[in-house]
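I have placed the structure first, in the form of structure tokens, so that the comments after it can refer back to it.
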Amino acid sequence: MPGSYYLASMKESYHICFTSHDEVLFRDHEDHGMFVNLMALRGFAHNTEILVDAEMSTHVHLNVFTDCPQQFSAKLRMSYTRYFNKKYDRKGRFGQKYTYVQKVQGHVHQMVLENYINRNGLHHNAAATAFGYRYCSVRDLFVEDLCFQTEKTVPMSRPEITALLPRHAEFPDHYQMNESGVFTRQSFMELRRAEQFYGSPRNYLYQMNRLTDESWTREQLQDQTGKPLTLSDIEHTNEQSIAQMLKNESGRNFTRSRLQDLDVCRLIDKEVLPGYGAPSVYHLTDGQKQRISRLLKYDFHLPDHQIRRCLTP
């Protein structure tokens with residue numbers, strides 16, 4: 001019976017979210033991969049089960065079962081900050097100071113949280129459907145039933161895997177990597193547990209494609225576990241942004257020609273920076289940033305807020 005394991009474990013379900021409003025958390029595909037690796041390592045180190053995840057350019061959402069949410073999230077953020085600062089010769093804290101941690105109770109409440117996390121790419125207009133966003137767990141649930149293509153694992157010895165990770169990394173033998181040197185979600189996440197809350201692949205498809213309405217609230221009230229979870233609770237942003245996210249659910253606002261933050265960072269780091277002789281955006285002078293900003297605004301028609309977070313404060 002879904003949810004019966006609550007009685008057998010001291011672990012509880014938590015929603016963990018941390019943000020970075022002023023600068024992007026990920027500048028390239030490698031950064032996303034390293035975050036997944038660190039998430040896997042920290043999950044193992046802190047006996048934390050990771051059910052679903054979504055990594056956006058300015059924030060991260062996780063749903064975990066653990067008895068130490070604060071410790072797990074703090075160590076994960078610390079590890080990733082250390083990696084990012086070293087790679088880009090950056091210093092200091094990365095992202096907003098506080099991490100949001102909320103306990104989740106009730107079967108429907110849990111399913112709604114998973115819905116919001118797996119649909120994050122859709123809400124932020126990074127894909128036309130929930131399944132179109134790459135950096136999350138949405139395509140790792142019910143893979144056989146829905147004919148999704150799983151990540152191909154590459155046979156690697158333990159020393160070969162260790163060479164791709166931070167020093168002294170510990171991980172179990174069943175963790176496997178793909179050709180990019182990233183642990184596959186199928187090998188380290190508790191995806192079967194996440195599936196239990198949906199009951200069937202058909203319901204999962206329905207949940208990933210339904211529009212947010214009052215029925216979400218009514219369904220959660222059936223659990224009688226407190227205040228229903230809403231998109232506002234997940235995102236912690238203003239009403240205007242929430243209204244835009246709800247409009248994005250239809251997929252009609254998405255256009256493939258629109259540059260995402262990762263595209264803009266790639267443009268800056270690979271094409272623009274070499275002309276300035278700077279090893280990273282964190283070495284640019286204010287004058288150089290202004291010139292690059294004008295280029296991005298007038299040649300690529302990018303909005304000021306996107307330029308600022310990709311070019312750094």
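All of the numbers you see were taken from the coordinates with simple rules; none came from a lab. Everything numeric here is computed off the predicted structure, so don't read it as measured data. Cβ atoms come from the backbone with ideal geometry, glycine included; neighbour counts cover every protein chain shown.
Between segment 197-270 and segment 54-119, the alpha-carbon centres lie 17 Å apart.
Counting other C-beta atoms within 10 Å, and keeping those with at most 15, which DSSP coil trypsin sites (Lys or Arg not before Pro) do you find in segment 89-192? Passing both the DSSP loop test and the Cβ count: 91, 93, 97, 134, 152, 167. In order along segment 47-61, phi translates into HN-Hα couplings of 6, 10, 8, 9, 8, 9, 8, 8, 10, 9, 5, 10, 6, 10, 10 Hz, rounded to whole numbers, per the Karplus curve 6.51 cos²θ - 1.76 cosθ + 1.60 with θ = phi - 60° and x for Gly and Pro. Straight-line reach from residue 227: which lysines have Cα under 17 Å away, leaving out those fewer than 8 places along the same chain? By straight Cα distance, residue 227 reaches 103. For segment 247-281, the set of trypsin sites (Lys or Arg not before Pro) satisfying both a DSSP loop assignment and a count of at most 14 other C-beta atoms within 10 Å is given as 252, 256, 258. Can you list the lysines whose alpha carbon sits under 22 Å from that of residue 97, skipping same-chain ones fewer than 8 residues off? Cross-link targets: 75, 86, 87. Phi angles of segment 292-307 translate, via the Karplus equation with coefficients 6.51, -1.76, 1.60 and θ = phi - 60°, into HN-Hα couplings of 5, 4, 5, 4, 5, 6, 8, 8, 10, 6, 8, x, 4, 5, 6, 4 Hz per residue; Gly and Pro are given as x.
For the pair residue 82 and residue 149, a Förster radius of 25 Å applied to the C-beta separation gives a FRET efficiency near 0.15, rounded to the nearest 0.05. Using just its DSSP H runs of length 4 or more, each adding -39500 (n - 2.57), the chain gives a mean residue ellipticity at 222 nm of -11500 deg cm²/dmol after division by all residues.
Net charge dipole, segment 4-248: roughly 600 debye, given to the nearest 20, about the Cα centre with Cβ charges of +1 for Lys and Arg and -1 for Asp and Glu.
Full extension of the segment from residue 205 to residue 21, taken as 0.36 nm per residue of separation minus the current Cα-Cα distance, would add 63.1 nm. Across the alpha-carbon set of segment 23-79, the Rg to Rh ratio works out to 0.95, Rh being the Kirkwood radius.
When Cα extents along the principal axes in Å is calculated for this entry, the matching label among [x] 60, 48, 37; [y] 64, 39, 36; [z] 69, 42, 29 is [x]. Residues whose amide H comes within less than 5 Å of that of residue 12, counting only those at least five positions distant or on another chain, are 66, 67 (H built at 1.01 Å from N in the peptide plane).
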